Amino acid sequence: MFEIAFDDPETKLKKFAYQNSWGLSTRTIGAMVMVHSDDQGLVLPPRVAMVQAIIIPCGITVTTSEVEKKALLDVCQTCAKELVDAGVRAETDLRDNYSPGWKFNDWELKGVPIRIEIGPRDLKENQYVAVRRDNGVKSTLKYLTLKEDIPKLLNEIHNSMFQKAKSELDSHITVAEDWKTFCTDLDKKNIIMSPFCGAIPCEERIKKDSSKDEPSDSGAPAMGAKSLCIPFKQPKDIHTNAKCIHPSCTEKPIKYTLFGRSY
């Protein structure tokens, strides 16, 4: 927002308010869903997931005795308690009217970072199977180190998801110093760092002239570019002969500014 002013209590003159754009709102939830999710449903970062690990008993059949069933369910509940004590938000899914496969799909849709499977054979071997939601990798781990392995795995998932998202972002940041390249990169759904004078009328021209009457392909946005921020890390210094990105602008650019379309 521009031209937000207030009356200075000391000088009685109007002053402009200092602003920044670091406020968080519920749209960050939408961004998280768009960045991380896949065709199977949500993929939640471990640090914001309400449930970080879901424990599901497997291998219970009509031939399983009540004693064996109870022993398996008790171990699942014990695992959940130990994980909670270790600071992990863990739960069990002991519903007996759904198959393990149905439960796997249900919790994948919800994006829970780790699924822990425990069956009769795992019980005998003092082990369990941990399945990562972000990449589907399965690991057979020992029950003895449960409280150490699951927090470690959650950190690995967090780092992996962050690096994947950052790589995706970095691959879509380009530097453009001429208008043709700017518009071409914009149509490729990139965000662009370009030299910019910082003037409001110039930004309005950039927004107007980079928009299109018709989408370039089916479903592609046709809105014009707007400034997003001035990155602290500049791609390079503004040299003496540099020109503002808009071809009609005669002002000297002050910084490389990040431009992008709204979606």
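For Cys229, Cys249, give me the order by solvent-accessible area with a 1.4 Å probe, most accessible first, ignoring ligands, DNA and RNA. Write out the running numbers ahead of the final one.
Working: Cys229 55, Cys249 20 Å².
Ranked from most to least accessible, the order is Cys229, Cys249.
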At 7 Å along Cα-to-Cβ for each site, give me the label-to-label distance between Lys15 and Val137 in nm.
5.4
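Where both partners of a DSSP beta bridge lie in the chain, what percent of those bridges are antiparallel, to the nearest 5?
65
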Based on DSSP H runs of at least 4 residues, each adding -39500 (n - 2.57), what is the mean residue ellipticity at 222 nm of the chain after dividing by all its residues, to the nearest 500 deg cm²/dmol?
-11000 deg cm²/dmol
Reachable aspartates and glutamates from Lys147, Cα under 12 Å, same-chain residues fewer than 8 places away excluded?
Glu82, Asp85
Compactness of the range 130-247 - radius of gyration and Dmax, Cα, Å:
21.6, 67
I'd like the accessible area for His239: 1.4 Å probe, protein heavy atoms, all chains in place, Å² to the nearest 10.
90
Two decimals is fine: what's Rg over Rh for the chain, C-alpha atoms, Kirkwood radius as Rh?
1.17
Under 26 Å from the Cα of Lys152 - lysines, other chains or at least 8 residues apart
Lys81, Lys103, Lys110, Lys124, Lys138, Lys142, Lys164, Lys166
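May I ask for the Rg/Rh ratio of the range 1-64, computed from Cα atoms with Rh as the Kirkwood radius, given to two decimals? Could the numbers behind the result be given before it?
Working: Rg = 25.0 Å, Rh = 17.4 Å.
Using only Cα positions, Rg/Rh for the range 1-64 is 1.44.
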Euclidean distance between Cα centres, the range 117-189 to the range 13-61, Å
14
Probe 1.4 Å - accessible area at Lys166, Å² to nearest ten:
90
Return, ordered by residue number, the residues of the range 238-263 whose backbone nitrogen is under 14 Å from a label point located 7 Å along Cα→Cβ of Arg27.
260-263
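If you count only protein heavy atoms with a 1.4 Å probe, what accessible area per residue comes out for the chain, rounded to a whole Å²?
On the way: 17070 Å² over 263 residues.
So the chain comes to 65 Å² accessible per residue, rounded to a whole number.
Hey, any idea what % of the range 1-104's accessible area is carbon plus sulfur with a 1.4 Å probe? Before the final figure, lay out the partial values.
Details: 4500 of 7630 Å².
It is 59 percent, rounded to a whole number.
Among 198-206, 114-122, 24-32, how do they line up from the highest to the lowest mean number of other beta-carbon atoms within 10 Å?
Details: 198-206: 15.8, 114-122: 19.8, 24-32: 9.6.
With the highest mean Cβ count within 10 Å placed first, the list reads 114-122, 198-206, 24-32.
If DNA, RNA and ligands are ignored and the probe is 1.4 Å, what is the ranking of Thr174, Thr240 by accessible area, most exposed first?
Numbers: Thr174 30, Thr240 120 Å².
Final ranking, largest accessible area leading: Thr240, Thr174.
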Protein chains only, probe 1.4 Å: how do Phe162, Phe259 rank by accessible area, largest first?
Phe162, Phe259
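The values are calculated or read from the model by the stated rules, or taken from the named source; none is laboratory data. Just so you know, these numbers come straight off a predicted model, no measurement behind them. Every residue, glycine as well, gets a Cβ built from its backbone with ideal geometry; the counts of neighbours run over all protein chains shown. All accessible areas refer to the heavy atoms of the entire protein, side chains included, with ligands and DNA or RNA removed. Shrake-Rupley method; radii C 1.70, N 1.55, O 1.52, S 1.80 Å.
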